[in-house]
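Beneath this line is the structure, given in structure tokens, with notes to follow.
The values are calculated or read from the model by the stated rules, or taken from the named source; none is laboratory data. Quick caveat: nothing in here was measured; it's all calculated off a predicted structure. Neighbour counts are summed over all protein chains in view; Cβ atoms, including those assigned to glycine, are modelled from backbone coordinates with ideal geometry.
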Amino acid sequence: MKNTGMVIKFISLLLILGSLGVYQTIAAARAEQRAATAAQIKVTENRPEKPADAKYLDGVYEGEGFGFGGDIRVNVTIKDGNIHAIDVLEHSGEDDEYFRLAVGMIDKIIESNHPDVDTVTGSTFSSQGLLEAIRSALEKAVKS
Amino acid sequence: MNNKKNSMIKDWTEIIIRLLFFITMPAAFSSGFLAVKLMFTAIGSAEPINLDSMWVLIFLVGFTILFGRFFCGFICAFGTLGDAVYAASGFVQRKLLKRKKQLSIPEKPAMILQKLKYIILFLIVVLCALGVYSNFSGWSPWDVFSRLMIFRLPGEGYLAGCVLLILILIGMAFQKRFFCQFLCPMGAVFSLLPILPFSRIHRNQDSCIKGCNACKKNCPVHIKLGENMLHDGECISCEKCRMICPKKNLIKPESKLFRNDTLCLLIKAALFFVFGTLTGLCRFG
């Protein structure tokens, strides 16, 4: 048989894709369940409108960090003493694929209201640069 | 005469295609392999796989099934680097050291070394699944390479990666496609993929010149065309066999369709460029 090798490879590929599909469905369902429980907890301990111990002064602050291949600049918006939004102004030196991963940290930072989050595996340079930029912006926002 | 002109056009097309991708997509292979690593990191921690970061891999795998390992042969910056280093080393050995034949690894050990890449792939995947890969990120020679490609020195903690890169460069000088056939974990993934018959090379052995074997001798990855089909996954679609065959006995169904090899190369390169840019491989995108 001339094409046996190809047929075997095709079958294995389909098997791998199939098991990945099954895995993905199960994992996604589980993640959804976890998110639902997490949301319930969040409602009960909602963030105070303006905490007395708010660390930051309201305003928009710019910060800079060095990523994979150049400067990363961000604007951090503080509202009611909390980290409200983080906008990336510049990231031209970053590889798209890697930067997209690093950007995932932004949600975590806004949610936890502090920049002490883990860098993203596989995107060390970009996420370190992004974190550096956010931290330098927050330094300017700290109440003195 | 006409033949000579044709192969010169094909040579120059290859050089231009490879230079273009070397400049625009130097990190394509590490982006593709990053997706493999992320997939296993997610599985290791029982998280769903982030599909956004998988598009590159889906594209590379799909392209390879359709057109063979065109990516390895013409696009990958590490392959181009290897060919350039090997050519430079050949030049030095012939012109300065007056050697007649360039030093290289004999075929038998080379065929065994080709299995090494599967072990490397397996190790990296296991480290990712265990969640400890990030402890080894300073070891990656291609992180160092992509850093150098954008004219930045690799940071601290990349000593192991630098040493490995230098060792690989030395290996590249003495063996065609040293990294691609022995070490590349992405190549290991590709060589396990099925490739449609449409894009595979068929050898018309009946009309071969007796004892010619030019195609086998010119193959950088030791493929014996028409003898061992199972080994065909190693083919990197570099077309070196087709360029050297004196009787044009190596047939690719796709070039029958277009009747022009150079046109085929250009179409595939253009397709890759468009879809590669869409999936974020182009560094200027």
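Results, tabulated for the structure shown:
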| read-out | value |
| --- | --- |
| Whichever residue in the stretch B:181-237 is part of a loop (DSSP other than H, G, I, E, B) and touching a strand residue (DSSP E or B) at 6+ places or on another chain (Cβ under 7 Å) and, among such residues, is surrounded by the fewest Cβ atoms within 10 Å (Cβ to Cβ) | B:N204 |
| Residue match in the stretch B:16-31 (condition: under 16 Å from the mean Cα position of the chain (by Cα), at pLDDT 90 or above, surrounded by fewer than 18 Cβ atoms within 10 Å (Cβ to Cβ) and aliphatic (A, V, I, L, M)) | yes |
| Subset of the stretch A:16-28 (residues that are more than 9 Å from chain B (Cβ to nearest Cβ) and of a type outside the set (S, T, Y)) | A:I16, A:L17, A:G18, A:G21, A:V22 |
| Pairs, first more than 16 Å from B:D143 (Cα to Cα) in the stretch B:78-89, second of a type in the set (K, R) and part of a helix (DSSP H, G or I), C-beta under 7 Å, six or more apart | B:T80/B:R18 |
| Selection status of B:C241, within 14 Å of chain A (Cβ to nearest Cβ), within 21 Å of B:I65 (Cα to Cα) and under 19 Å from the mean Cα position of the chain (by Cα) | no |
| Top-ranked residue in the stretch B:50-74 [being facing chain A (nearest Cβ under 8 Å) and crowded, with 20+ Cβ neighbours inside 10 Å; ranked as farthest from the chain's Cα centre (by Cα)] | B:S53 |
| Extreme residue, farthest from the other protein chains (Cβ to nearest Cβ), among residues of the stretch B:144-158 that are of a type in the set (A, V, I, L, M, F, W, C) and in a loop (DSSP other than H, G, I, E, B) | B:L153 |
| Hits in the stretch A:117-144 (condition: over 12 Å from the mean Cα position of the chain (by Cα) and modelled with pLDDT under 80) | A:G122, A:T124, A:F125, A:K143, A:S144 |
| Flag for B:E47 being touching an Asp or Glu at 6+ places or on another chain (Cβ under 9 Å) and either surrounded by 18 or more Cβ atoms within 10 Å (Cβ to Cβ) or not in a helix (DSSP H, G or I) (or both) | no |
| Considering residues of the stretch B:159-180 that are buried (at least 20 other Cβ atoms within 10 Å of the Cβ) and not hydrophobic (A, V, I, L, M, F, W, C) only, the residue farthest from the other protein chains (Cβ to nearest Cβ) | B:Q175 |
| Pair list, Cβ under 8 Å, 6 or more apart: the stretch A:90-103 residue at the interface with chain B (Cβ under 10 Å from one of its Cβ atoms), other residue assigned to a strand (DSSP E or B) and not aliphatic (A, V, I, L, M) | A:G93/A:D71 |
| Filtered residues of the stretch B:122-141 (kept if at pLDDT 80 or above and within 21 Å of B:F78 (Cα to Cα)) | B:F122, B:L123, B:I124, B:V125, B:W139, B:S140, B:P141 |
| Subset of the stretch B:238-273 [among the basic types (K, R) and in a loop (DSSP other than H, G, I, E, B)] | B:K247, B:K248, B:K252, B:R259 |
| Residue within the stretch B:93-102 that is surrounded by 17 or more Cβ atoms within 10 Å (Cβ to Cβ), part of a loop (DSSP other than H, G, I, E, B) and touching a Gly at 6+ places or on another chain (Cβ under 9 Å) present | yes |
| Criterion (farther than 25 Å from B:A84 by Cα and touching a residue at least 60 places away in the same chain (Cβ under 8 Å)) met by exactly one of B:I124, B:I105 | B:I124 |
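Residue by residue, here is whether (1) away from every other protein chain (no Cβ under 11 Å); (2) touching a Gly at 6+ places or on another chain (Cβ under 7 Å); (3) on the phi < 0 side of the Ramachandran plot holds:
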site	(1), (2), (3)
B:A110	yes, no, yes
B:L116	yes, no, yes
B:I119	yes, no, yes
B:I124	yes, no, yes
B:A129	yes, yes, yes
B:V132	no, no, yes
B:W142	yes, no, yes
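One line per residue, one yes/no per condition, for (1) more than 19 Å from B:W55 (Cβ to Cβ); (2) touching a residue at least 12 places away in the same chain (Cβ under 8 Å); (3) within 14 Å of chain A (Cβ to nearest Cβ):
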| position | (1), (2), (3) |
| --- | --- |
| B:C235 | yes, yes, yes |
| B:P246 | yes, yes, no |
| B:E254 | yes, yes, no |
| B:T262 | yes, yes, no |
| B:L266 | yes, yes, no |
| B:A269 | yes, yes, no |
| B:F272 | no, yes, no |
| B:R283 | no, yes, yes |
